[in-house]
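> Okay, here's the structure, questions in a sec.
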Amino acid sequence: MEARRELYERYGSTMYGVVRRYVRDVSTAEDLLHDGFVTLYMKIEDYRGDGSFEGWCRRIFVNTVLSYFRKKNPLNTADDVETLDAGKSVEPTAISQMSADEIKRCVDELPTGYRTVFNLHAVEGYSYPEIAEIMNVSEATTRSQYQRARGRLAEIISRRFRENEYG
Amino acid sequence: MTDSNFEKRLSEKLRGYGEQPPPDMFSRIEKTLAEKGAVAPVPAVRRRSLISRITITVAAAAVTGIAVVGVLRVAAPGEADIAAELRNKRDIEKIDIAKLITNELRRADKPQNVAETIIDVIREDQGLPRLNLLEALSTDSGLPGAGAEINGTQRLAMPLPNLTVPSYANMRDESTEAAKRRQQLERERAIEDYWAELFREEMTQQERRRSKNPLSTSFYAGNFGTGTGNMVYNDASAIAASGMMIDNTSMSIPESNVYEGNRPNMSPALRQDNPAYSLKHNMPITAGISVAYPVSPRLSILSGINYTYLYSLSEQTIGSSSASGTGKVYRKQHYVGIPLGVSYSIYKNRVLDIYAKAGGMLEKAVYVSESQELITANSSDETGGRRRVKGVQPSVDAGVGANIRIVNGFGIYVEPGVAYYFENPSQPKSYRTENPTNFTLRVGFRFDIK
């Protein structure tokens, strides 16, 4: 138990942050964190030692989130979203000046599908072919969805940065 | 900021993002693990004797030593994880002893009695009765579960993972593997189907929202009242039918203030030897505001407000050979109408939008004025007044349009079409009443409302 407690204390907040990047609802995120750790403890012997242990843990929690999305009703996951325009530029210092919490709130404004693609590619490091394989879409579609998410995120960050600067 | 910098900085910020879980999360996890039988329930605190504590400490040290020596000796697949964990761990005594024992038990060359002793020590520490390990491990029921009696003691669940494997050799159950693989494939297929549906649903909703927002508004003008499109008559009957014959008996417009119809009002005084008549109805001039409400990516409902100006002029020579002059009757009509229609986008790209539209309109004459001017060699006389017109003028129209997007949210458009004005005797004669089916042309600019 002590080992489990230490592992939880060492990685709990980080893994909760991983889950919260994908899922906006707090109670759902707590459930997924719980499920992720249960899976982690029960499958800890599957860790082969190749790659970092933290990276292995991240994958478990990301897969837990993806399994949750699979069970959810797709019609309830689409969020109200404005037209996505790609290609917006961001103030060069915006991201540096904004905290991780603020950046995370910007990501929260993306719709579920785009937020997931963005997290998987930009943060977790999944490649386009891997994401396309997970989601059964073409690689071109994954690329375009990612670019749209990226463009929208740039808009959101710029807007929030200006609001904080002048507001 | 370059693309790679943007993503790199975002990734750095987000990878470092963490949130504090709820305080009771760990106990929830432990409770779930206990329910699944993966761990032992947390026992009640029991006072241990000094001898018991010494025994546990010695046993723990012995196990640790055995585990370190044994695991370091072997690099077999499946145990590399333990080796790596041991090498990386700073506090080696915090290694999960149960997990180590499990892996040790897998090794065929490990004496069972050593493992049995270790397990019994741990069970005693946790308040559980001693267990005959060989008896427990020889069953096919997975974890040594409750129910059977061994050595006179009720067997309890053994809090050791992986003891579900009856044999501790590294043999795998092929049928289990195949079933697991099948389940994995089904799960992956379901995930793929889900994401495909999710993207399709999101793209449909995005297109719907893109068509819903923005609502578009346009300002237009059309059917300019100049050129060869005006209608001209040169006979008295047409003028009479239009109600625009000169009346010089009282030099005033007929008494009735309500225009109930076009009554010929030829006065005997107007008879002339060779009268000349002309009546001209100018083409209508329209202007208005139109609002398009998208109900789907291609279909929009149209409405707005429309203004139409109608102008008519009759001229006639009057009098006799002894006293003649020119009489003119002017009629000016101002209509306001509410159009209602639909528009369907035939072709659309970022710059050009070609569409077809159809609809109808009800117009009300809000102001009609008629004036009469009588010009003779010696005098000039003018009278006039306003007329109230009952009823409405219904019409239908159809056409096509082309909108060119100049900048995002703003464009200019042109809409040629055709309109039909239904006959309504209550409406004064005009270009539209004399030519019910007529060509329309609108030009305007359109902008989006977000």
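The values are calculated or read from the model by the stated rules, or taken from the named source; none is laboratory data. Here the structure is a predicted model, which means the values were calculated and not measured. In this analysis, Cβ positions are derived from the backbone assuming ideal geometry, glycine residues included, and neighbour counts consider all displayed protein chains. Note: areas computed on protein heavy atoms with side chains; ligands, DNA, RNA excluded. Shrake-Rupley method; radii C 1.70, N 1.55, O 1.52, S 1.80 Å.
> Only protein chains counted, 1.4 angstrom probe. Which residues of region A:10-54 are at least 50 Å² less accessible in the assembly than when their chain is isolated?
A:Ser13, A:Tyr16, A:Glu30, A:His34, A:Val38, A:Met42, A:Glu45, A:Arg48
> Here is the link list: A:Lys71/B:Lys348; A:Lys71/B:Lys180; A:Lys43/A:Lys104; B:Lys280/B:Lys357; A:Lys43/B:Lys180; B:Lys332/B:Lys390. Which ones come out longer than 26 Å on Cα distance? Walk me through the numbers on the way to the answer.
Numbers: A:Lys71/B:Lys348 37 Å; A:Lys71/B:Lys180 19 Å; A:Lys43/A:Lys104 29 Å; B:Lys280/B:Lys357 31 Å; A:Lys43/B:Lys180 15 Å; B:Lys332/B:Lys390 16 Å.
Flagged as over cut-off: A:Lys71/B:Lys348; A:Lys43/A:Lys104; B:Lys280/B:Lys357.
> Buried accessible area for the B:A pair, summed, 1.4 Å probe, in Å² rounded to 100? Could you put the intermediate results ahead of the total?
Values: alone 27830 and 10160 Å², together 31730 Å².
Buried: approximately 6300 Å² between A and B.
> What angle do you read, to the nearest 10 degrees and between 0 and 90, between the alpha-carbon axis of helix A:26-42 and the longest principal axis of chain A?
It works out to around 40 degrees.
> Using heavy-atom solvent-accessible surface (probe 1.4 Å) with all chains present, what is the largest-first order of A:Ile103, B:Ile301?
Most to least solvent-accessible, the answer reads B:Ile301, A:Ile103.
> How many Cβ atoms of partner chains, on average, are near each residue of A:108-118 if near means within 10 Å of its Cβ? List each step's numbers first, then the result.
Details: counts 0, 0, 0, 4, 2, 8, 3, 0, 2, 2, 3.
For peptide A:108-118, the averaged partner shielding equals 2.
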